[in-house]
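Working notes for the structure below.
The values are calculated or read from the model by the stated rules, or taken from the named source; none is laboratory data. Quantities reported herein were computed from a predicted structural model and do not represent experimental measurements. Here the Cβ positions follow ideal geometry from the backbone for every residue, glycine too, while neighbour counts run over all protein chains shown. Only protein heavy atoms, including side chains, enter the accessible area calculation; ligands, DNA and RNA are left aside. Shrake-Rupley method; radii C 1.70, N 1.55, O 1.52, S 1.80 Å.
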Amino acid sequence: MPEISYDFNKILSQRARNLEESPTFALEKKIDAFDSKLKKEGKFVIRFGIGQPDFNTPENIKEAAKIAIDENKTKYTASTGIRELKNAVIEKFRKENNLEYELENIFVGNGAKQVLDVIIRTFVNKGDKVLIPVPYWVSYTQQVILSEGEPVFVKYNNELKIDLNDLEKICNRYGKQVKLIILNSPNNPSGIVYNKGELEAIGEICAKNGIFIISDEVYEKFLYGEIKHYSIAALSEELKKITITVNAVSKTYSMTGWRIGYCAAAKEIISQMAKIQDQAASNPCTPAQWASIEALNGSQESVNVMRNEYEKRRNYIFERLSNIKNIKCNLPEGAFYVFPDISGFFNKKIKSSFDFAEQLLENDFVGVVPGAAFGDDRFIRISYATSINNIKEGIDRLENFCKKIS
Ligand code: PMP
Ligand code: GLU
């Protein structure tokens with residue numbers, strides 16, 4: 001029989017082909033390949049790329065998962081999660097965020113990323129606009145595109161926070177076409193944290209314009225100095241109605257691979273999300289759900305230990321970066337990233353954050369994420385979720401690279 005050839009550009013959906021690969025995961029693959037080549041020469045890459053805690057999942061949480069498996073808690077569950085975990089989530093929101101919810105308000109999914117995807121699918125019709133303040137986490141834009149919505153970017157002010165004038169302007173321009181805004185505080189990639197007054201001002205504009213708010217709070221526990229976290233949903237009854245608060249055990253408890261995230265919202269929203277989850281994923285991993293109960297209800301000492309360690313690293317890295325000529329950097333108040341402006345190095349050979357990141361990796365073996373992935377090409381993102389020794393070595397190498405390209 002003659003060999004049949006298939007034109008996959010025609011066969012596979014435009015939706016899939018239009019989608020971009022996650023830049024953080026793409027970079028990780030590139031670093032892996034480069035690192036294994038280097039290791040043969042006795043060298044290695046310092047990884048400031050993907051943002052995931054370098055700590056082990058705490059023992060009490062691992063133990064809870066082992067017990068769940070031994071007790072054969074390994075079957076399907078309700079698609080939005082088991083009642084026991086939802087109760088732990090309700091208690092967490094009540095105690096830590098001053099938010100009262102019932103079981104019908106809670107959705108547990110496969111990490112915050114999948115929860116966000118289900119929320120966006122639940123709201124967005126073809127052509128609906130979703131406001132995404134720059135700089136933004138890499139998956140927001142692509143998840144909106146996957147739902148055939150249109151991301152609209154909101155500019156930032158000199159503190160890298162939402163420019164309220166621009167937000168008003170966009171609301172006036174697009175009116176009812178705007179469905180959602182995605183807020184993220186503490187922010188990935190900038191580390192900025194919104195204060196209460198700022199959230200109230202943003203909330204007022206959203207409420208006035210009928211825009212629902214996704215509040216991504218996955219870095220809530222990693223705050224430095226005197227900074228406090230506020231959940232926008234807790235600021236008024238009206239804001240509670242229009243906000244979907246997203247969180248996860250992934251960052252807080254160093255459980256990125258366990259894939260448990262959750263959100264709270266109006267019952268009408270959660271019941272529609274549940275249908276998508278029924279059809280698309282069944283339920284989040286059962287033993288991981290049981291482990292997450294221990295994460296939320298058990299000792300929080302490990303979170304403190306991690307936070308303290310991140311704060312030391314943040315202080316060190318900020319101090320070092322501030323002393324490198326041509327780098328401009330704001331002091332991050334939360335999360336575990338610094339987001340320095342490296343555009344002072346742009347020249348004939350380095351024209352973009354991609355060029356900077358690529359040459360830094362290839363010449364001095366340091367992996368960072370180009371700012372363009374987060375909506376601004378003048379920056380790079382450095383994750384300090386790695387040991388202080390790695391940070392020292394990595395910043396030495398970065399400093400050396402900067403001297404060479406100055
Ligand atoms: N939101 C932000 C801002 C993140 O940085 C991440 C990290 N990947 C996520 C959501 C997704 O988290 P998860 O690993 O729980 O899917
Ligand atoms: N949130 C992490 C990051 O921004 C994990 C990677 C991802 O989920 O894209 O690097």
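For the chain, the Kirkwood radius over C-alpha pairs fed into Stokes-Einstein at 20 °C and 1.002 mPa s yields D = 96 µm² per second. Note on Gln279 and Lys169: the extension gain reaches 35.7 nm, defined as 0.36 nm multiplied by sequence separation minus the Cα-Cα distance. Based on Cα contacts under 8 Å between residues 6+ apart, the chain shows a relative contact order of 22 percent. Each residue was assigned an accessible area with a 1.4 Å probe, and for Cys171 the value is about 10 Å². Taken over region 81-128, the ratio of Cα radius of gyration to 2.2 N^0.38 Å equals 1.34. Available extension along the chain between Asp54 and Lys95 is 12.0 nm, counting 0.36 nm per residue and deducting the alpha carbon span. For the chain, the 222 nm mean residue ellipticity estimated from helices alone, with every DSSP H stretch of n ≥ 4 adding -39500 (n - 2.57) and the total spread over all residues, rounds to -14000 deg cm²/dmol.
To make sure I understand the rule: partners must be aspartates and glutamates, Cα under 12 Å from the Cα of Lys30, and not fewer than 8 residues away in the same chain. Which ones qualify? By straight Cα distance, Lys30 reaches Glu358, Glu362.
Taking each residue as 0.36 nm, the span from Lys43 to Lys403 lengthens on full extension beyond its C-alpha to C-alpha distance by 127.5 nm. Only lysines eight or more places from Lys92 in sequence, or on another chain, were considered; those with a Cα closer than 17 Å are Lys221, Lys228, Lys240, Lys251. Which of these, Thr57, Thr74, Thr386, has the largest mean-square fluctuation under a Gaussian network model of the chain (Cα springs below 10 Å)? In this elastic network of the chain, the residue with the biggest mean-square fluctuation among Thr57, Thr74, Thr386 is Thr74. Protection proxy ranking of 189-195, 341-347, by the mean of other Cβ atoms within 10 Å over each peptide's residues and highest first, is 189-195, 341-347. For the chain, DSSP calls about 45 percent of its internal beta bridges antiparallel.
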